[in-house]
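Shown next, in structure tokens, is the structure this report addresses.
The values are calculated or read from the model by the stated rules, or taken from the named source; none is laboratory data. It should be emphasised that the depicted structure is a prediction, and the values quoted were computed from it without experimental measurement. Neighbour counts run over all protein chains shown; Cβ positions are idealised from the backbone, glycine included.
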């Protein structure tokens with residue numbers, strides 16, 4: 001799959017104000033400072049698409065981007081459109097309890113009620129051992145019956161042995177309460193590692209829902 005165009009559409013304070021649910025939708029979420037904006041920009045090959053910041057918790061709204069993609073070659077090329085959604089992080093940094101609860105409610109409503117939500121990519125920092133907050137968020141997705149995959153980020157910022165161990169430990173932690181494990185990808189926004197695998201997966205899912 002090739003991404004031909006990625007266009008910012010709207011930032012919504014609640015899921016009811018999101019665009020019409022007329023396209024398949026892939027949402028990205030993770031702990032604050034997990035490298036979500038950098039990953040989105042890497043996937044779309046556009047460094048200025050999602051705003052990156054050194055301050056965790058910068059994303060506070062539901063951000064929609066319309067993606068125009070194509071598959072095939074020559075006369076067999078087909079073009080299709082879908083939504084990519086940049087969600088606020090969980091485990092918010094220095095924000096008030098009131099703001100935290102508002103964000104949590106906004107995220108939960110979106111994940112449970114957005115009818116065209118096709119897949120959620122949950123981002124996990126590959127530099128760290130399993131974090132309770134990530135495991136707890138995945139348990140919520142299980143309760144809400146929300147389909148998801150895992151993307152381990154920042155694999156270039158740690159040696160490969162440590163990354164592999166952290167990924168293995170995280171999946172083993174999930175095995176304690178999960179019968180089946182989700183698909184997972186290991187990525188690097190800097191080296192564009194994992195890009196083709198993630199895009200191929202999105203394309204395969206899109207073909208199933210078209």
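Return the total of residues in region 1-54 being over 27 Å from residue 99 (Cα atoms), touching a helix residue (DSSP H, G or I) at 6+ places or on another chain (Cβ under 8 Å) and assigned to a helix (DSSP H, G or I).
2
Where residues in region 65-85 are farther than 13 Å from residue 23 by Cβ and surrounded by 14 or more Cβ atoms within 10 Å (Cβ to Cβ), which of them is modelled with the lowest pLDDT?
71
Return the residues of region 86-107 that are modelled with pLDDT under 70 and touching a helix residue (DSSP H, G or I) at 6+ places or on another chain (Cβ under 6 Å); say none if nothing qualifies. Reasoning before the result, please.
Quick first cut of region 86-107, residues modelled with pLDDT under 70 only: 92-96.
Result: 92, single match.
Would it be correct to say that residue 162 is at pLDDT 95 or above and touching a helix residue (DSSP H, G or I) at 6+ places or on another chain (Cβ under 8 Å)? Don't jump to the end; show me each part of the working.
Values: at pLDDT 95 or above: yes; touching a helix residue (DSSP H, G or I) at 6+ places or on another chain (Cβ under 8 Å): no.
No; evaluated as a whole, the condition is false for this residue.
Could you look through region 9-36, keep only residues that are at pLDDT below 95 and over 18 Å from residue 106 (Cβ atoms), and pick out the one that is surrounded by the most Cβ atoms within 10 Å (Cβ to Cβ)?
Residue satisfying both the conditions and the ranking: 34.
If residue 113 passes every condition in (1) under 19 Å from residue 24 (Cα atoms); (2) touching a residue at least 60 places away in the same chain (Cβ under 8 Å); (3) under 16 Å from the mean Cα position of the chain (by Cα) but one, which one does it miss?
Of the numbered conditions (1) under 19 Å from residue 24 (Cα atoms); (2) touching a residue at least 60 places away in the same chain (Cβ under 8 Å); (3) under 16 Å from the mean Cα position of the chain (by Cα), the odd one out for residue 113 is (3).
Quick one: residue 143 ticks every box in (1) within 28 Å of residue 207 (Cα to Cα); (2) surrounded by fewer than 16 Cβ atoms within 10 Å (Cβ to Cβ); (3) in contact (Cβ under 8 Å) with a residue 12 or more places away in the chain except a single one, so which number is it?
Against the list (1) within 28 Å of residue 207 (Cα to Cα); (2) surrounded by fewer than 16 Cβ atoms within 10 Å (Cβ to Cβ); (3) in contact (Cβ under 8 Å) with a residue 12 or more places away in the chain, residue 143 comes up short only on (3).
For residues that are touching a residue at least 24 places away in the same chain (Cβ under 8 Å) and within 20 Å of the chain's Cα centre (by Cα), scanning just region 158-175, find the one that is surrounded by the most Cβ atoms within 10 Å (Cβ to Cβ).
170
Just for region 176-193: of the residues that are free of Cβ contacts under 8 Å to residues at least 12 places away in the same chain and farther than 14 Å from residue 150 by Cα, which one is surrounded by the most Cβ atoms within 10 Å (Cβ to Cβ)? Please lay out each step first, then the result.
Pass one, region 176-193, residues free of Cβ contacts under 8 Å to residues at least 12 places away in the same chain: 176, 179-181.
Those left that are additionally farther than 14 Å from residue 150 by Cα: 176, 179.
Values: 176: 7, 179: 5.
The qualifying residue surrounded by the most Cβ atoms within 10 Å (Cβ to Cβ) is 176.
Is it the case that region 92-106 has a residue that's outside any strand (DSSP E or B), closer than 30 Å to residue 22 by Cα, in contact with a strand residue (DSSP E or B) (Cβ under 9 Å, 6 or more places away or on another chain) and in contact (Cβ under 8 Å) with a residue 60 or more places away in the chain?
Looking for residues that are outside any strand (DSSP E or B), closer than 30 Å to residue 22 by Cα, in contact with a strand residue (DSSP E or B) (Cβ under 9 Å, 6 or more places away or on another chain) and in contact (Cβ under 8 Å) with a residue 60 or more places away in the chain, one finds at least one in region 92-106, hence yes.
Assess whether residue 152 counts as being in contact with a strand residue (DSSP E or B) (Cβ under 9 Å, 6 or more places away or on another chain) and within 26 Å of residue 80 (Cα to Cα). Reasoning before the result, please.
Values: in contact with a strand residue (DSSP E or B) (Cβ under 9 Å, 6 or more places away or on another chain): yes; within 26 Å of residue 80 (Cα to Cα): no.
No, not satisfied.
Could we say that residue 150 is assigned to a helix (DSSP H, G or I), modelled with pLDDT of 95 or more and surrounded by 12 or more Cβ atoms within 10 Å (Cβ to Cβ) here? Reasoning before the result, please.
On the way: assigned to a helix (DSSP H, G or I): no; modelled with pLDDT of 95 or more: yes; surrounded by 12 or more Cβ atoms within 10 Å (Cβ to Cβ): yes.
It is false that residue 150 is assigned to a helix (DSSP H, G or I), modelled with pLDDT of 95 or more and surrounded by 12 or more Cβ atoms within 10 Å (Cβ to Cβ).
Identify all residues within region 110-139 that are more than 23 Å from residue 160 (Cα to Cα), in contact with a helix residue (DSSP H, G or I) (Cβ under 8 Å, 6 or more places away or on another chain) and either at pLDDT below 95 or in a strand (DSSP E or B) (or both); write none if there are none.
117, 118, 119, 120
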